[in-house]
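Just below is one structure, and these are the notes that go with it.
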């Protein structure tokens, strides 16, 4: 059956396509409200950085986009597909949305190559040779072409995270989500991962990154979203966000983060 | 008492065949056990409550009744109850396998609880279908993490196979009984049988350790 795409939210045809559209979204853990009235629209090729104090719901928000977390009300539309209970929609969205995690979450019993082959072969039904060619291309892109036959535990943290990025890219996603990709890394490995992400951004990938790397936000983001206590408090271009934050909570947060 | 091992050893051919039979039955029963155990694990994690409840009842029932009784039930009661006529060989393997399955399921459950949540999330985020997530991502890691326990369970299976002598299977224990009835040398024959059991179980443990060493590089 063909998926019914809802009418484009932006009627002008040359405007970039809306990739993620979140409207009035609320999420609860039992009685506790973790996300309150979230509204966020992300266009194709846009790079969004989400920051905020820990426990502010940043990770929960991006995990709602590929249904690792369920939202209770409001609408999420990803690349024209409404995110509902419908398993078919969820599967379709997941095959369009790549994700990288704080803890990398590579499959430890599979080699780097096998990690990259699994999804293209079993979700996209690619042949092994086609999937391998694709994997080699992306492993080269993240600068670890010669580690393909190693197991994840034989690689450094930075290398593992880059493999995780390559693994996600092998599904040729239209959107990439990054959930604090550098938080679990030793300081000297953070840059190699950030560089990979910057390159991805340069190539026009739509990206939503939860990160504490303010340098990355400044350099790469089109828009910085600040969250506190489950709400989006402020959302602005990096220049305005860092130079002239409007909200008091944002100011306080930036003071603490940028002090040193 | 004078022990006459030298007299017995030339006549111990039946023990050898009995040992082979024990190993053969044990291997198949173990295979059945792993199959049943994996099935139970999947059922326990099913979204249908009826399956989940069944696993609980199955487990308590198997662990709450003697293996010998289970074997006898399989052999004597199954055919009249269901009309399926299975011989002692199939009945015995089924009984031991289904018994072992309940324990294997518990072992696997322990292994499953040690799989980090991130593995599920990464697999789901890639859009892998449920079946692939289980069989390509989760189960291989579960099995890997419980190799020593599974090997131990295999030796347990070997050690309950003597119960199958009660349903006419000529495995190692039955073979030795027949041999000492013939030779009137129970001490020598049974010592030999015990030694053979030990060699079988010890080899299995060693094999398990080898398996684990070989796959150590997978570990996170």
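Scanning region B:124-148 for residues that are more than 29 Å from the chain's Cα centre (by Cα) and more than 8 Å from chain A (Cβ to nearest Cβ) yields nothing.
I'd like to know if region A:27-35 contains one or more residues that are more than 19 Å from the chain's Cα centre (by Cα), at positive phi and not in a loop (DSSP other than H, G, I, E, B). Taking every residue of region A:27-35 in turn, none turns out to be more than 19 Å from the chain's Cα centre (by Cα), at positive phi and not in a loop (DSSP other than H, G, I, E, B). Count of region A:86-136 residues, restricted to those that are more than 23 Å from residue A:209 (Cα to Cα) and within 11 Å of another protein chain (Cβ to nearest Cβ), is 13. Within region A:118-155, restricting attention to residues that are within 17 Å of residue A:197 (Cβ to Cβ) and out of contact with any helix residue (DSSP H, G or I) (no Cβ under 6 Å at 6 or more places or on another chain), the residue that is surrounded by the fewest Cβ atoms within 10 Å (Cβ to Cβ) is A:140. Restricting attention to region B:113-123, the residues being surrounded by fewer than 20 Cβ atoms within 10 Å (Cβ to Cβ) and either more than 7 Å from chain A (Cβ to nearest Cβ) or not in a helix (DSSP H, G or I) (or both) number 6. Looking across region A:172-192, the residues that are crowded, with 16+ Cβ neighbours inside 10 Å and within 14 Å of the chain's Cα centre (by Cα) come down to A:173, A:174, A:175, A:176, A:177, A:178, A:179, A:180, A:181, A:182.
Values quoted throughout were computed directly from the atomic coordinates according to the rules given, and no laboratory measurement underlies them. A quick note: this is a predicted structure, and the numbers were derived from the prediction, not measured. Positions of Cβ are backbone-derived with ideal geometry, glycine not excepted, and every protein chain shown enters the neighbour counts.
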